[in-house]
Structures are given as C-alpha cells and as structure tokens.
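Novice: Got a structure for you, written out below as structure tokens; questions coming shortly.
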Amino acid sequence: MTQHTQVILAGIDFADPDTWRLTNYLKRGGYKALRKIFSEKISPEVVIDEVKKSALRGRGGAGFPTGLKWSFMPRQYEGEKYLVCNSDEGEPGTFKDRDIMRFNPHILIEGMLIAAYAMGIRTGYNYVHGEIWDVYERMEEAVEEARSAGFLGNNILGSNFSFQLYNHHGYGAYICGEETALLESIEGKKGQPRFKPPFPANFGLYGKPTTINNTETFASVPWIILNGGEKYLELGKPNNGGTKIFSVSGHVNKPGNYEVPMGTPFAELLELAGGMRGGRKLKGCIPGGSSMPILPGEVMMNTNMDYDSIAKAGSMLGSGAVIIMDETTCMVKALERLAYFYYEESCGQCTPCREGTGWLYRIINRIEHGKGRQEDLDLLDNLADNIQGRTICALGDAAAMPVRAMLKHFRDEFAYHIEYKKCMV
Amino acid sequence: MLSTESLKKIDKEIAKYPADQKQSAVMSALAIAQTEKGWLSSETMDFVANYLDMPPIAVYEVATFYNMYNLKPVGQYKITVCTNLPCALSGGNDAANYLKQKLGIGFNETSADGRFTLKEGECMGACGDAPVLLVNNKRMCSFMSNEQIDRLLEELKK
Amino acid sequence: MINIEINGKQLEVPKGSTVMDAAKQLGIYIPHFCYHKKLSIAANCRMCLVQIEKAPKPLPACATPATEGMKIFTHSDQAVLAQKGVMEFLLINHPLDCPICDQGGECQLQDLAVGYGESASRYQEAKRVVTNKNLGPLISTDMTRCIHCTRCVRFGQEIAGIMELGMSGRGEHSEILSFVGKTVDSELSGNVIDLCPVGALVSKPFRYSARTWELSRRKSISPHCGLGSNLIVQVKQNRVMRILPRENEEINECWLSDKDRFSYEGLNSEDRLSKPMIKRNNQWITCDWQEALLFVVQNLKACVSQYGGRAIGALGSPHSTLEELYLLQKLVRGLGSNNIDHRLRQSDFRADNYQQGIPWLGMPIAEVSNLKSILIIGSNLRKDHPLLALRVRQAVKSGAQLSIVNSTDDDLLTKVAQRAIVAPSELVRTLAQILKAIIEYRYVEIADKIKETLTKVNVTDVTRAIANNLVSNQPAGIFLGNLSQHHPNYSEIFLLAQEIAKVTSAKLGVFGEAANSVGAYVAGAIPNRKLGNLTTNGEEVGLNAIQMLNAEAVSACKAYILVNLEPEYDTYNPQSALERIKGAEFVVSLSSYKGNITDYADVILPIAPFTETSGTFINTEGRVQSFNGVVSPLAEARPAWKVLRVLANLLELKGFDYETSEQVCTELLSDYGNVADHLNNRINEFTVNLNEANVNGIERIGEVNIYQSDPIVRRASSLQLTRDAHYPRAIISPSLMEKLGLRVGDKITIKQGVGESQLEVEQSESIPDNCIRIASAFNQTATLGGMFGEVSVKRM
Ligand SMILES: Cc1cc2nc3c(=O)[nH]c(=O)nc-3n(C[C@H](O)[C@H](O)[C@H](O)COP(=O)(O)O)c2cc1C
Ligand code: SF4
Ligand code: FES
C-alpha cells in the first residue's frame, strides 16, 4: 500500500499481519508519550498547551483546533465525563481511519489516553463504522491487549490515572459520523443529531461533558507529546500543523492513503497516487470528501493540500478524501449518485433536509434520464440555498454544497444534458 | 428466545456502559440477535426490548434506522455492494451489474434457491479498495473484479 | 435577567429563556410546528427560523437561547425567506387534501400555508404516500399528512410516561407508528390528537362527523374523576359532537384523560331515557311528568305516614352536581330522614365519628408536581385519576421519591422508589410498620391509643425505606386513593396515614373519587351532618350508604330515592344493594339511562346529564366550578335539580322556590361560607384494630375499571373497545395459580356471599399471594358481594 511520512503510519510494515499488535507498536516506540507524561509529571494543562501549539486541527471534517476544543471541557466538573472517538468514517471517499485502526490501533488508544489525561476523563468510547466489522474486532482485540498490559484500566502504569476504553460499533448510518448523532447512537437511540447549543462539552454523552475527536486527530497526539507541538507545526505550515492522511480514490493508478505534510502540492499527491489512470486528463476533484465542493482540474493542479489553501481555492479540506475524476466522467451522473447518497442518509429529523434532499435527487435523476428542464438548474441552486444553513446539522450543507459547486463549475454540462438528453462526454 | 451464547454476548456488551444505560447495548444486541436468527422478527425485537428494559417501539426505531439490520428474511448470504461515487469511479457499478447477472436477481431481491440476497450499499469506508462488497455485514471483500466475484460465489456456494 | 431586542422592541427576559419565549412575552407570533410549551425542544420543523444579528444563518427561535444584547428579527427578509423555504418543503409531500381532512379549519399547517406558502408548487415530482396505522379505537390516522414534528412521540415519552409511538426509518421514509401490531393504550392517548398540528392523528369517534366551523364551542366541567378538568364541548344541532380540553394550568393544564375526552359518546347513547316511566300492575309504561311525579309523591307520602320519615333512604351519585345533591338531601331531610349518602363504594364509615371536616386533596392539584416525597396508599392512580398520575410523574421527574403501599403493583409509568404490595388485609399493618419505623427513626410523641398497636408490628426493610423517604425529602405528601376509601378498614388506614403525616410533617390528602366528591359533602349529602356542620346538630344520625344497602342493615329503608346511579355497578356490594332495593316497597330512580332500572324501581324519572343542565362541581382540591348546560335536554329529560324542586313542591315542603340552579347554589354557599374553611383531613385518634383476625381464605381485591366508573362512561362505545375496558377476569398471582392448579385462560367459578360469577383466569405478578383481583361494576361481577373480603374459587 502506501507512501507515508513520520507521524501516524510511521514504521508500519503493511506486509506483516501482526504489525498492529502491541509488541510491534512498543517496538516502534509506542506508549512512550504516555510514559513521558507520567515520568516527567507533565500536567494536563501543559499537555493541552502542547496540542494548542501544534496547531493540530480536527481531522474529522470541520478542522476545529483540537487544543482549543480540549480546553472547553469543564475542569472542575465532578462526576463522569466522557471521551469519544469518532471512527464512523462514512464520508464517501474517506478510508484513512480504517487503516489507522487496522494497522496501528494502539496509536489511537495512546492518543485517547493522553487526551483523557489532559481533560480528566475516566471513560472513553470508540465508535467504529458498522461496515468495517473486521476493524471493530481488531479494535476489540487491541483494547484487550492494552488492558492486559496495564495501559487501560485503573491506576495506569502506577500513575493514579485511570481510563477505560470501550468500542461501540455502528450498523450502517452515515449520519452517526455527526458528533451528536453519534452520541445518541451510543445511548442506544436512532442517530439523530442534537440541536446545539448545548454543545457536547457541556451536555454530551448521557448528558455529561464530553469531548469528541476524530480517529486521526487522536492518533496525531502521541507524536506531538513526544516531539513537541512546535515540531509538529513545523511539519506542516502555520495554522495547518502536521501531516495529514489523504485518502485518494477514483481515477488514479494507485488509490490509497498517503500521509503527507500539510501544504503538500496537490500535484505531488497525485503523483504519489500513481498519477491519472490511463494518463487521462484531470477533469475535477473533490478535495475533502463528498460533502465538499468539487473543484475543476486546473484549479486543483495549482492548489496545496492544507485547510487554508483549499479554502482559498473554493472548497474545503474536510476529512481529506480526495476523489479524482478524469475527463470521461459525466458530472450529471456523478452528482446524481452523490445526491442519492444524501437523500438516503438524511436522518429525517428536520424538514429542509428530509424533504429537500429527496427533491434534489429527483430533479437530478430526471436530468440524468433525459427528462430535465432548463429551469431545473436555477431550481436546484435555489433549493440548495433553502437547505444550506437551515438544518439541525451539517448534513444539510453537505447535501447542498456539491450541488451548488457542480452547477458553478460544470453548468454547461448540465445544460447540455438537458438539451440533448445525453452526456457531453 | 435467544441462545444462551447470544445472551452472554449481549451481557458483555451491556457491561460496557453505565449500569443505568442498558439501552446503549441495543445496537449490538440487535446485531447479535440477527447473527443468530438471520433477521429481526417482531418477536425478536420484542425480546430485545424486554431484555434491555426498553419500550419495543424504541427498539424498532433503532432497527429501522440503521441499514444493516434485516427486517425481513434474507438469503443465506446477503451481499452488499458499494456503488457510491468513489467506488463507482473504480468499477463499483460494474461489480454490481456482474453480480446481478450472475445471480439473476436485482437489488433487494433474493435468489430462487434462497442463497443470495443482493443489496446496494453506501460508502463502506474502503473506497481505495474499490470495488468492495460486504458478505453478511461482517466480511469485507476488496478489489472485486469479475474473477474475484466468481471465486467468491464459488466459495459461498460450497 | 437579560436585555434583548425583538423587531426593534426592547425587553427583559429571565436567563435561560429562548427566543420563542421572549417573542411570546411581547405577543409576537413566530410560526412553528414542533415547538410545544409542554414538550421538550426538538427544533426539527425549522418553521420558526428567525434572523439574529451577527449570526451567519437564520436560527430556530424555539431552541436558541436569548443572550445579552441579542437583536432578533422575526419578520426580516432573511427570516421570512427562510420560513417560506421551510413551508415549501413541508408542503411538497403533503397531500393538500384539506377539503376531506378532519383537521380542516383547525390545522396549523393550513393556517400557516396561507401566510407562508406559494400558490403554485414548484414540486413536480411524485408525492410520498404513507400507509395508515391502526392505533386502536380512539385515534385514526392519515399518515401521509404527517409533517414529522414528533410531538406525538415526545408526548408519550415525556408526559404519558410510556413510549407507544415512535418514528421508524429515516430520511424521507420516516414514519410515525406504534410497534408492530400494537395499539396505543395509554389512558391519555387522545392528547396526541390535539398535539398533532396537521390531520395525521385525528379522533376516530369524531371523524367525518362535522367540520369545525359547524361546531359551537361551549365551556363545561368534566363530571368524571375528582379533578374537574375544564372542557370545551363542541356542539352541532343540539348534539355533543366532541370534547376538547380547556386550558387550566392549575387543574388539567392543556391535557385531558381519554375518559374526559371520549365519554361524550355515552351522552348520545341509545339507552338514554326520553320519557318518565312507571310500573303499574307489574307493567312498565311511559307517561307524562305530571303522572310520574304524582305517583312518586303519593308513594313517598304513604311511606312516611306508614313508617315515618326515617323509612326513606336517598342515595346520590358523587358525579351529580352540588345543586342536585343539595336539593336531594333537603328533600329527604324535609321528609324527616337523615338517610342520605353519596359515598356509594365506601364500606367503612367508622371514621365519620372522628372526622373534623371534609376529606380533600390536602393541597392544590398543581402542588402535587412540586412534592419531593410522595406516598400513595391504595390507589390505581393512573386509571383512577390519570391527570394526577401525570402530576406525580412530573414530581418524580424533578426528583421526588415515590413510595407505594397498595394491593396491586400496577405500572405507574414512572420511577417508584419503594413499594409495599400487600394483601388488603395487610394494609393497616403495613402502615403501622411505616409509622413505627418513623418513630424509631426520630423520637416523636404519638397518642397512646396508637402506640399500643405499634408494639404488635415489626418494621420491614421496605417500610423502613418508605419511612426514610418521607422523613428525608420535603415537602412530602401522603395520599389515600380509591382502594383505601373502599377498603373495609378505611378508618384505620385514614388514622394511620394521618399519624404518619403528622410525624413526618407531610401533608395528607384524599383523592376525590368523583367530580363532586368534595361537593357532595358541602351539599350535605351525608347522614351525620346537615350542611356539613361538624357536629350532628343534636339530631339523630341517619343511615350511611352501607347501612342503607347492607343485607344485615340495622334498620332497612322502605323507600329509596336513587339519583344518577346504578346500584349493581356503583355500590360497594351490589349483591346486597340489589337485594335491599328490590325488597323495598317503593323505589324511585332519577337517571339518564334505562339500564336495568326496570328490574328494581317503581318509577323512573329521566334526568339530564351534565351537558344538559347547569350546575356546580367542587373538585378534590375544593375548587368550586359552575357550568351551564351546553345543549338542551334530550326529549323530555329534565335537569335533576328541577325535578327535585317540583317534587318537593308537590310534597308541600317549604323553601323550594328556586328559579335557577344559581339560586340553589347561592343559597347553599351563602349559608355555608367559605368552602376552604370546611376542608380538613384531620381525624381524632381512636384505638386501632390491626385486623388480627386474618382472612384465611382467598381475598378479593375489588377495583373499578377506568371505563366502568360511572353511568356515562359505561356507555361510551369507543372507550368500551379499548384494552382498558376489557371484560373482567380473575387476576391471580403465579403462586396461587399453582396452588389452585390453574392455568391461564381457565374458567373458574368465584363464590362470594350468596352469589357467584364465572370468569377467565389471568396470571399476574402484580398481585400479592392469596389474592384475586376482580373488578366490580361489570355485569359479570355484579352477582358478587363486596369489593373486598373472602371469596372461594372452583375450577369449572
Ligand atoms: C453529516 C456529518 C458526517 C460526519 N461524519 C464524520 C465522520 O465520519 N468522522 C468524523 O470524524 N467526523 C465526522 N463528522 C464531523 C463530526 O461532527 C465532528 O466534527 C468530528 O468528529 C470532530 O472531531 P475532530 O475535531 O477531531 O475533527 C461529520 C459531520 C457531519 C455533519
Ligand atoms: S440536517 Fe438532515 S441529517 Fe441533519 S438533523 Fe436535519 S434531517 Fe437529520
Ligand atoms: S418550532 Fe422551532 S424548529 Fe419547529
């Protein structure tokens, strides 16, 4: 599989079926960060400071500064607080958390341990995407290994610090990746997002203060503690610290996960992924998972892979899923499939999303099947407008943004499809 | 209603959550029940509700919300193919079509011999391995070219 | 307090208010569907989106907390655009079938669509169709109209205490439904009809019978349980078509029990009497009022002259009005008899000698929600007083510790901290244990008469825990339910409850069984005091209900006047009641229904139910609520107060010159003074008998089912189809089943007194050993004796 650099997938031997095991993780320097905290008696505040310095931003999609998020947890709160890892990776195009858990589960456990220590949390849950059952089972094994070795449980490594970690599996619902839907799901309910405020830091799992981070976010933490926040920041660029695993899929020769420093030029990433399949031309690229706006190939080729650069180019880094589409791709069909996804995955709770995603899909489906009308394009744009920003959670935005971006960059192709009842390509 | 083995597994799941939050185990309890029974009948859901002290309708809500629960009997092997965009760009639809042709059924149908049910799936978080499919929710198969599909079906038919 | 600005107007709102609360305070309407003041915030309909300064996108008013300095615009372009967008989405899959929809004319969606919808839809795709669900006999569905606001689901979870409805599936495929094949059985279910902002959940009995604009809305008061819920009665062409709640925060809030809501069907029952009837030569004939009244007068006079006034006995229903009961007692007292009572299902009247006032709730209804510790003794609360059960749930939700002492362990749909479920014969002992536990816990003086008794009981863990609950959580309330009041040791139960209340500084309350249970005392419909005076005025005390009706009566009555009751259903011991009444020389029944009255009466006078007369009920908290008739009486039926007035005039009794029911009420209350001054649950101490003579055989636990409790509800046809109205069964604990060699579904013969009844056996863990739960007020069980006591069982 993949090319990688020094942080999360460092030292992994993808050919070795036991590379994930605790013994191998220890050989790679695992749990050193945790030991360092205990042996050097690094205070929770300093841990959070270090993470702040690293400019680590949430890898789940929203890119929220992790250190800042951690500092929101009420310090003095008596009673249970929870730490939750979002491994529900369901964003089309994203498959990095799966590989982290498959090949390096202990780095996640160590990252969570450090986070728990920093926020004074005793209990954690890792919510694993339902469709990757083997990975859930691996996580169960890894947790068991850590427990037997004394990395989880009471009085860890004689430090007085205790932390229990449990895995919870999903069972097929994209929306559970949304953090509050995920909490509802752990509580044994339908995964319907909660209205915020209150935010999880005040009212989270079982109504208790809770911090939720993405798998990759946690997995970055041990390195930061071992090497210092500043070092991590330097791997990337200001405000965009560290490395990022990009899941490259679509029309490339070597789809897969590539961990590269933030700010790596897209062209370089494309080359890592083996270049365009069949040497064809890059038509468009969704740089951050299917919910993010698509960008035309020319724009992408001149963009660097970090939050700020991609934002400047008109899209978002999101979860770092890079979906590559070559010149043979019919954008109407591509959008139809995406619209179908959001229509299928809407939780059904709030009106604009429940009703709007179906409407969007039906119109695009009509266009794809030669029954479009030119007015449909403005209607689509307007409906997307009516959904975006008016829903409980960001799935509404996720459904709207691809539509608007497609119409922005490939409107001609849609118009052509309506007029001639067939693809342009 | 459920085997003691299944109940033991459910108890293990219940133990993951605070004592007054048994309901948290409902997703795994339903998954365990489905593994034993093949699908979730209303009796099974009622049983789970009872076991976890939940209103039956709350269990039903959960069972119908998540895609991977079978609310109707399915074939011995439920094959779910991902056709989402990233997979579609790398042959997801071709794999689905090939399966339809080989099994002689469409999506959401079960083969006459009761062996296979075909489902269209959403992103499984394995887009790099496209085409991908899931057998009975738990076994993920990657890079499913036509030859690979032939091999898989051969194996399952045994 | 927080200062904010809405549409340019400044205001101050309490911290924690939402934008919606604040707008309400200013009288600014923000369109909404999912928001409901009594339910948790869902913020799912998005109709209430408003513009907030500095917020990048519109926010839902119902869920957004007001913060200092916030500037809100509810009608700005941004807000209206957002609201219109949401309305469009709501309508695309809605069938827009207002002309055939029952909700038409009272539909929130219809109303708002006028203001926020466009005339032509941009939606040209296929519309969603959702299959309808069978939710039982009360609620009809048209699920395609559902807008997914989830009010009905939240109502079940948060108010009714039981989640019977849920939303299955997800996205556009979400549907509101009950669990596969289940009906909605909550005794509060009808409220979802009101809550549903569209026509998805509508009233089954009312469906298609009228359009709202054809209905006039009249105020009334519910005649059923002790709460006196406030009603809107909707009338079309002099017929009651529907009953809705009239909001009253202090009583029923915005809710109604299904009994209050659907009983009206009984008003239009086939069994209603339309003309007076008399029995001549063993033949029943209809006649005019003149003839019937003269017949009554003649017979009553004959009885008085032959046996004296004391040979007359009068029984009035506690569901009758204050005016009716007042005139009834005035009439019989005018004839020289104190034999009058309304406590038809009470069996132990010894406390009458010790009571210091009218038993009542002991506090305002609303205060129940604020208690921190509650002990309920002998009550099937959810079914007897559905909305009081709701108050108790509210209290528990905000942290109250609830303890139960009862003979059945029925699910209250809330967290019960402690429960002592014991046989009826053990109730007194159980209370004595609680009292003893408290005294052991904190030293307090109690009367010697009681102290003596306590030496004979041993405290158990449960009774100690109940004692603890009461002592450590204040304010506390102790309540006596219907089962206590019917119990053969009501006096002891009352006294011990009072002592427990005293030593824990809890308040003691009695749940009024019927709408006018307190009012009946005020009216003087009791044998030992005229007008509720505390002493007996030197007069000889009359016979109480049990004495008038008991087979071993001290002195039997020769003539009975029955008002608004059916003795085979409404008395403690139907067997002996019927025997007594049948054995009397003359019986006149004032009733709205024919029922079985021809079996035992000599004359039947058709009277108007509560919707056809003006009157007054005094509810269990002592609140006086007067109401007007909402329709005119059916055919020749007449308000009972008028019938009694004319009767008294014909009997040449003085002081019956009333023109209106208000005059009756005014006379009574001006004489009486402030009702509140007479409410008093105090009872003087007496020596407590622990009921040492244990019942050896099998004990009956009698109860009155929710939809059997009064003549109107017994005839409410849709309620009679609910699960709660199921035919009576013999409900037995597993261990007794085993002992008797019974299996579920077996038919058994139950013998009690001289009668017997054949019933099907049902097993239940909620019954103490050696007990058998048999409801009264059914035809099948009217052959049995008292609601409690020994029965024998034989397999058929
Ligand atoms: C519809 C939707 C789906 C999401 N799916 C995921 C997901 O699969 N994995 C994830 O980590 N975050 C997902 N998120 C983002 C989470 O809500 C949350 O922001 C994130 O887990 C926080 O972790 P981070 O700060 O480490 O990124 C999703 C958000 C939305 C609105
Ligand atoms: S936006 Fe969609 S997924 Fe999110 S809460 Fe609303 S209905 Fe559910
Ligand atoms: S009333 Fe606010 S979202 Fe429904």
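Novice: What distance in nm separates the simple spin-label points at C:Ser76 and C:Val541, each placed 7 Å from Cα in the Cβ direction?
Specialist: Computed distance between label sites C:Ser76 and C:Val541 equals 7.5 nm.
Novice: Could you tell me the total accessible area buried at the B-A interface, probe 1.4 Å, in square angstrom to the nearest hundred?
Specialist: Buried: approximately 3800 Å² between A and B.
Novice: Is the shape of chain C best called rounded, prolate or oblate, per the rule: a/c under 1.5 gives rounded, else a/b larger than b/c gives prolate, else oblate, with a ≥ b ≥ c the square roots of the Cα gyration tensor eigenvalues?
Specialist: Prolate shape, in that a/c is at least 1.5 and a/b is the bigger ratio.
Novice: Output the direction-averaged projected area (hull surface divided by four) of the convex hull of the alpha-carbon atoms of chain A, in nm².
Specialist: 19.1
Novice: Quick one: grab the alpha carbon gyration tensor of region C:203-350, order the square roots of its eigenvalues as a ≥ b ≥ c, and give me rounded if a/c is under 1.5, else prolate or oblate depending on whether a/b is larger than b/c.
Specialist: In terms of gyration-tensor shape, oblate.
Novice: While we're here: Determine the alpha carbon to alpha carbon distance for each of C:Lys383/C:Lys449; A:Lys371/C:Lys127; A:Lys69/A:Lys196; B:Lys8/B:Lys138; C:Lys15/C:Lys54 and list only those over 25 Å.
Specialist: Result: C:Lys383/C:Lys449 exceed 25 Å.
Novice: Same structure, new question: In nm, to one decimal, how far is the modelled label at C:Thr67 from the one at C:Ile41, with both set 7 Å along Cα→Cβ?
Specialist: For the pair C:Thr67/C:Ile41, the computed spacing is 1.3 nm.
Novice: Can I ask one more? Which whole-number percent gives the relative contact order of region A:243-326, counting Cα pairs below 8 Å spaced six or more residues apart?
Specialist: 35
Novice: May I pose another question? I'd like the Karplus ³J(HN,Hα) series for region C:48-60: coefficients 6.51, -1.76, 1.60, θ = phi - 60°, whole numbers in Hz, and an x wherever there's a Gly or Pro.
Specialist: Residue by residue, region C:48-60 yields 8, 4, 10, 8, 10, 4, 6, 7, x, 9, x, 10, x Hz.
Novice: While we're looking at this one, here's another question. How far, in degrees from 0 to 90, does helix C:427-441 lean away from the longest principal axis of the Cα atoms of chain C, to the nearest 10?
Specialist: Taking the Cα atoms of chain C, the angle to C:427-441 is about 70 degrees.
Novice: Not counting ligands, DNA or RNA, and with a 1.4 Å probe, what is C:Ser517's accessible surface area in Å² rounded to the nearest 10?
Specialist: 20
Novice: How far apart, in nm, are two points set 7 Å out from the Cα along the Cα-to-Cβ line at A:Arg35 and at A:Asp49?
Specialist: That separation, rounded to one decimal, is 2.5 nm.
Novice: How big is region A:22-235 along each principal axis, measuring the range of its Cα positions in Å and listing the largest first?
Specialist: Largest to smallest, the principal-axis extents are 44, 36, 36 Å.
Novice: A further question follows. Remind me, relative contact order of region C:696-795 in percent, using alpha carbon pairs under 8 angstrom and six or more residues apart?
Specialist: 42
Novice: Can you figure out the FRET efficiency of C:Thr212 with B:Trp39, using R₀ = 51 Å and their beta-carbon distance, to the nearest 0.05?
Specialist: Once the sixth-power term is evaluated, E becomes 0.65.
Novice: Next up: In a shell of Cβ-Cβ distance under 15 Å around C:Thr666, excluding C:Thr666 itself, what net charge do Lys and Arg (+1) and Asp and Glu (-1) give?
Specialist: Net charge in that neighbourhood comes out at -4.
Novice: Apply 1/(1 + (r/R0)^6) to the Cβ-Cβ distance of C:Tyr443 and C:Arg350, taking R0 = 51 Å, and write down the FRET efficiency to the nearest 0.05.
Specialist: Step by step, r from the Cβ atoms, then E = 0.95.
Novice: So, one more: Would you compute, from DSSP H runs of 4+ residues alone, the mean residue ellipticity of the protein assembly as shown at 222 nm, taking -39500 (n - 2.57) per run and dividing by the full residue count, rounded to the nearest 500?
Specialist: For the protein assembly as shown, the value works out to -10000 deg cm²/dmol.
Novice: I'd like the accessible area for A:His169, computed on protein heavy atoms only with a 1.4 Å probe and all protein chains in place. Round to 10 Å², please.
Specialist: A:His169 exposes around 10 Å² with every protein chain in place.
Novice: Shifting gears a bit: Using only the alpha carbon atoms of region A:323-367, find the Kirkwood hydrodynamic radius as the inverse mean reciprocal pair distance, in angstroms to one decimal.
Specialist: Evaluated over region A:323-367, this radius sits at 11.1 Å.
Novice: Ok, one more. Just the ratio, please: alpha-carbon radius of gyration of the protein assembly as shown over 2.2 N^0.38 Å, N its number of residues.
Specialist: Relative to the 2.2 N^0.38 Å estimate, the protein assembly as shown comes out at 1.08.
Novice: Angle check, please: helix C:661-672 long axis (alpha carbons) against the longest principal axis of chain C (alpha carbons), in degrees 0 to 90, nearest 10.
Specialist: Once rounded, one gets 70 degrees.
Novice: Taking only protein heavy atoms into account and a 1.4 Å probe, give the accessible area per residue of the protein assembly as shown in Å².
Specialist: For the protein assembly as shown, the solvent-accessible area averages 35 Å² per residue.
Novice: Ok, one more. Using only the alpha-carbon atoms of region A:243-326, report the extent along each of the three principal axes, biggest first, to the nearest angstrom.
Specialist: Ordered largest first, region A:243-326 gives principal extents of 31, 23, 21 Å.
Novice: While we're here: Projected onto the charge dipole of region B:19-134 (+1 at Lys/Arg Cβ, -1 at Asp/Glu Cβ, origin at the Cα centre), which of B:Thr44, B:Thr110, B:Met27 gives the Cα projection farthest towards the positive end?
Specialist: My answer, from the dipole projection, is B:Thr110.
Novice: A further question on this structure: Whole percent per 5 Å bin, from 0 to the bin with the longest distance: what is P(r) over all C-alpha pairs of region C:325-433?
Specialist: 2, 10, 16, 17, 17, 14, 9, 7, 5, 2, 1
Novice: On a 0 to 90° scale, report how tilted helix C:386-397 is relative to the longest principal axis of chain C, with both axes built from alpha carbons and the result rounded to the nearest 10.
Specialist: Result, in degrees: 60.
Novice: Distances longer than 26 Å among the Cα atoms of region C:644-756: what percent of all pairs is that?
Specialist: Above the 26 Å cut-off, region C:644-756 has 63 percent of its Cα pairs.
Novice: Counting only protein heavy atoms and a 1.4 Å probe, tell me what percentage of chain C's accessible area is made up of carbon and sulfur.
Specialist: In chain C, the share of accessible area belonging to carbon and sulfur is 48 percent.
Novice: Also: Working with all protein chains in place, sort A:Trp133, C:Trp213 by solvent-accessible area computed with a 1.4 Å probe, largest first.
Specialist: C:Trp213, A:Trp133
Novice: Suppose accessible area is computed on protein heavy atoms with a 1.4 Å probe; arrange A:Met406, A:Met316, B:Met1 from highest to lowest.
Specialist: These residues rank, largest area first, as B:Met1, A:Met316, A:Met406.
Novice: Quick check for me: using +1 on Lys/Arg Cβ and -1 on Asp/Glu Cβ, what's the dipole size of region A:331-420 about its Cα centre, in debye to the nearest 20?
Specialist: Its charge dipole is roughly 120 debye.
Novice: Still on this structure, I have one more. Rounded to the nearest 20 debye, what is the charge dipole size of region A:243-326 about its Cα centre when +1 sits on each Lys and Arg Cβ and -1 on each Asp and Glu Cβ?
Specialist: Charge dipole of region A:243-326: 280 debye, to the nearest 20.
Novice: Here's a follow-up. Rounded to the nearest 0.05, what FRET efficiency do A:Arg28 and A:Lys231 give with R0 = 22 Å and r taken as the Cβ-Cβ distance? Could you check?
Specialist: Once rounded, the FRET efficiency stands at 0.80.
Novice: Sticking with this structure for a sec: Rounded, prolate or oblate: which fits region A:331-420 when a ≥ b ≥ c are the square roots of the eigenvalues of the alpha-carbon gyration tensor, with rounded for a/c under 1.5 and prolate only if a/b beats b/c?
Specialist: prolate
Novice: A further question on this structure: What is chain C's relative contact order, in percent, from Cα pairs under 8 angstrom and six or more apart in sequence?
Specialist: 13
Novice: What is the distance in Å between the Cα centroid of region C:419-453 and that of region A:290-318?
Specialist: Each part's Cα centre sits 77 Å from the other's.
Novice: Just the number, please: buried accessible area between C and B, total of both chains, 1.4 angstrom probe, nearest 100 square angstrom.
Specialist: Roughly 1100 Å².
Novice: Near C:Lys236, within a Cβ-to-Cβ distance under 12 Å, what is the net charge of the other residues, with Lys and Arg +1 and Asp and Glu -1?
Specialist: Combined, the nearby Lys, Arg, Asp and Glu give +4.
Novice: On to the next question. Using each residue's phi in region A:257-262, evaluate 6.51 cos²θ - 1.76 cosθ + 1.60 at θ = phi - 60° and report the 3J(HN,Hα) Karplus result to the nearest Hz, with x for Gly and Pro.
Specialist: Taking θ as phi minus 60°, the curve returns 9, 10, 8, 10, x, 3 Hz for region A:257-262.
Novice: Which whole DSSP H helices in chain B pass both tests: a Cα extent of 18 Å or more along the axis and a mean Kyte-Doolittle value no lower than 1.0?
Specialist: Passing helices, by number: none.
Novice: So how exposed is A:Arg362, as accessible area in Å² (1.4 Å probe, rounded to 10)?
Specialist: Only protein atoms counted, so the area is about 50 Å².
Novice: Moving on to the next point. Of all accessible surface on chain A at a 1.4 Å probe, what whole percent is carbon and sulfur?
Specialist: 50
Novice: Taking a probe of 1.4 Å and counting only protein heavy atoms, give the total accessible area buried between chains C and A in Å², rounded to the nearest 100.
Specialist: Adding both sides of the contact gives about 2800 Å².
Novice: Taking K and R as +1 and D and E as -1, what net charge do the other residues with C-beta under 11 Å from the C-beta of C:Leu215 add up to?
Specialist: +4
Novice: In the structure displayed, which of C:Lys451/C:Lys502; A:Lys208/C:Lys57; C:Lys275/C:Lys654 lie more than 25 Å apart, Cα to Cα?
Specialist: Cα-Cα > 25 Å for A:Lys208/C:Lys57; C:Lys275/C:Lys654; rest within.
The values are calculated or read from the model by the stated rules, or taken from the named source; none is laboratory data. Keep in mind it's a predicted model, so treat the numbers as computed, not measured. With ideal geometry, Cβ positions are generated from the backbone for all residues, glycine too; neighbour counts draw on all protein chains shown. Areas reflect the complete protein model, heavy atoms only, side chains present, ligands, DNA and RNA absent. Shrake-Rupley method; radii C 1.70, N 1.55, O 1.52, S 1.80 Å.
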